[in-house]
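S.K.: Have a look at this one.
The values are calculated or read from the model by the stated rules, or taken from the named source; none is laboratory data. Please read all numbers here as calculations on a predicted model, not as lab measurements. Here the Cβ is made from the backbone with ideal geometry for all residues, glycine too, and neighbour counts use every protein chain on show.
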Amino acid sequence: MSENLTREWINFSDQMPFDKNYLLKSFNIPEEFLSYATDKDESARIEMDDETKSLLIIFDIPFEDQTDVAYYSSGPMSFIVTKEVIITNVADKKMATILKNSKLVDHLNPKYKTSFVLHFMLAIAKLYVDRIRILNRKRILIEQALGKTPKNEDLINLMKIERSLIYFIMSLKSNSLVINKIKSGKYLKLYDEEKELLDDLMIEVDQAFDMSNISNKILNEMTDSYDSIINNNTNSVMKFLTSYSIILTIPTIIFSFYGMNVPLPLTNLPKVSW
């Protein structure tokens, strides 16, 4: 269903045919824009429809992963900008609630469409930074636990952090491309205030991208170190077992000689019996 948050802002939160028809008829939106906006697998992009002058912006947003393979994933948040309204859709329901209830909504005015979209995108970029810091804190705790008593669960959690960072890196790279297209001025009118806001957005996205890369690099170096430690421990154990097995074969070798018909030392002594 769709929800009118203000007269100029509609949050399209479901894919019911009735809502689609209502939006198509009421605001002269290209049908493919609604299809792209409600596709949970759509990549970050920006597209203008020359006939209706409608603008579609898809910006990747971080959210909690619903599977056991990562802590966080990313998915599309869509903006359809028309002369009358801004229509938004977030793939993740929990994130949609967070954005709706956040202080961000109170300070945005959909009448100023460019400022509205850019402020929203800036809030999304800050979410990335916040989530990366959470992942870093998780990594530090896991690193401390591995230093005491390594467990398989800790290694699995490291993999979940690594996968989350990879998702973020890919999404932030796509988001950066969208921002650069907006910066060209081809899609949205940019006044001085919007240009400054766009610069802030670019800085925030670049910071999140750099943080993701650095965190991922630290994680890779850490896992490589643990791999080396595990391999060294395995080699030490294998050397010990090899030496021990050689020692165990010595009695067998000695007694096998005494079972052969060959002259052996000490056999002629009077008190020696076999």
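S.K.: On the basis of being at pLDDT 95 or above and hydrophobic (A, V, I, L, M, F, W, C), does residue 172 make the cut?
M.R.: On the way: at pLDDT 95 or above: yes; hydrophobic (A, V, I, L, M, F, W, C): yes.
For residue 172, the condition - at pLDDT 95 or above and hydrophobic (A, V, I, L, M, F, W, C) - is met.
S.K.: Please specify each residue of segment 130-159 satisfying the condition of being part of a helix (DSSP H, G or I) and of a type in the set (Val, Ile, Thr).
M.R.: Keep residues of segment 130-159 that are part of a helix (DSSP H, G or I), which gives 130-148, 152-159.
Within segment 130-159, 132, 134, 140, 142, 156 meet the criteria.
S.K.: Which pairs do you get when a residue that is in contact (Cβ under 8 Å) with a residue 12 or more places away in the chain and farther than 30 Å from residue 156 by Cβ, found in segment 54-69, comes within reach of a residue that is aromatic (Phe, Trp, Tyr) and assigned to a strand (DSSP E or B), reach meaning Cβ atoms under 7 angstrom, with the pair 6+ apart or on two chains?
M.R.: 57/79
S.K.: Select from segment 72-85 the residues that are of a type in the set (A, V, I, L, M) and assigned to a loop (DSSP other than H, G, I, E, B) and list them in ascending order.
M.R.: The one that is of a type in the set (A, V, I, L, M) and assigned to a loop (DSSP other than H, G, I, E, B): 85.
S.K.: For residues in segment 130-156 being of a type in the set (S, T, N, Q) and either within 17 Å of residue 221 (Cβ to Cβ) or in contact with a Ser or Thr (Cβ under 6 Å, 6 or more places away or on another chain) (or both), which is modelled with the highest pLDDT? Write out each step before concluding.
M.R.: Taking segment 130-156 and keeping what is of a type in the set (S, T, N, Q), we get 136, 144, 149, 152.
Next, only the ones that are either within 17 Å of residue 221 (Cβ to Cβ) or in contact with a Ser or Thr (Cβ under 6 Å, 6 or more places away or on another chain) (or both) stay: 136, 144.
Details: 136: 93, 144: 85.
Within segment 130-156, the match that is modelled with the highest pLDDT is 136.
S.K.: Can you pull out the residues in segment 23-71 that are assigned to a loop (DSSP other than H, G, I, E, B) and surrounded by 15 or more Cβ atoms within 10 Å (Cβ to Cβ)?
M.R.: Residues satisfying the conditions are 28, 29, 30, 38, 39, 42, 44, 65, 70, 71.
S.K.: What about residue 217, is it outside any helix (DSSP H, G or I), farther than 20 Å from residue 75 by Cβ and of a type in the set (Lys, Arg)? Break it down into steps so the answer makes sense when it comes.
M.R.: Values: outside any helix (DSSP H, G or I): no; farther than 20 Å from residue 75 by Cβ: yes; of a type in the set (Lys, Arg): yes.
Considered against the rule, which asks whether it is outside any helix (DSSP H, G or I), farther than 20 Å from residue 75 by Cβ and of a type in the set (Lys, Arg), residue 217 comes out as no.
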